Amino acid sequence: MLTDTASTQLVLDLVGVFVFALTGAIVGVRRGLDVFGVLVLGWIAGLGGGIIRDVFLGITPPVAVSDWRLLAAAVVAGLAVFLLHGTWQEVAQRHPDARLGRVSFTVRLLDAAGLAVFAVSGALVALDAQAGALAATLIGGITGIGGGLLRDVLTGQVPEVLRRELYAVPAL
């Protein structure tokens with residue numbers, strides 16, 4: 001491991017999964033999905049980039065399906081959004097000038113946080129797997145954008161990475 005300890009890598013992964021799963025769950029709730037749909041969308045947004053990373057690096061089975069802690073982080077995020085979304089909407093209606101009432105702002109804010117965490121984490125995993133610097137850079141970027149890309153495709157949206165020029169570039 002290139003991080004100080006394995007626990008540092010785990011914390012990076014858990015934070016990234018949780019934050020990206022929040023974005024997937026928020027989009028799922030806004031699309032009117034049931035609890036299972038929200039959980040699936042949270043799971044794919046939280047763990048999709050890591051699955052793509054692991055496939056590129058030949059890590060089988062992908063950590064996303066072999067580590068229960070990552071799955072638990074995605075499920076907790078999805079359930080929290082599903083259960084608290086109504087309360088969130090009430091607060092947003094009481095304070096219409098608050099930016100938090102806009103789902104797109106919230107998703108973008110969480111996307112930025114998840115992108116930062118996963119780009120670094122993905123690059124560290126790639127370097128640990130003996131990938132070269134260029135491969136680690138590209139895999140880190142793909143790890144960062146992969147879950148959001150899959151989330152958007154599954155919900156019938158043009159992926160953010162194709163709509164905003166400063167989405168994938170900061171990840172690289």
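Read-outs: derived from the displayed coordinates by stated rules, not from any lab. Predicted model, so just to flag it, every value in this text is computed and none were measured.
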task: Provide Rg and Dmax in Å for region 1-52, with only Cα atoms included in the calculation.
output: 13.0, 42
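Can you give me the Kirkwood hydrodynamic radius for region 122-167, using every pair of distinct Cα atoms, in Å to one decimal?
Details: mean 1/r = 0.0882 Å⁻¹.
So the Kirkwood estimate lands at 11.3 Å.
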Computed Rg/Rh of region 9-85, alpha carbon atoms with Kirkwood Rh: 1.00
message: For Gln157, what residues show an amide H to amide H distance below 5 Å, using hydrogens built from the backbone and excluding near sequence neighbours?
response: none
query: In square nanometres, what is the average projected area of the Cα convex hull of region 6-171?
result: 9.6
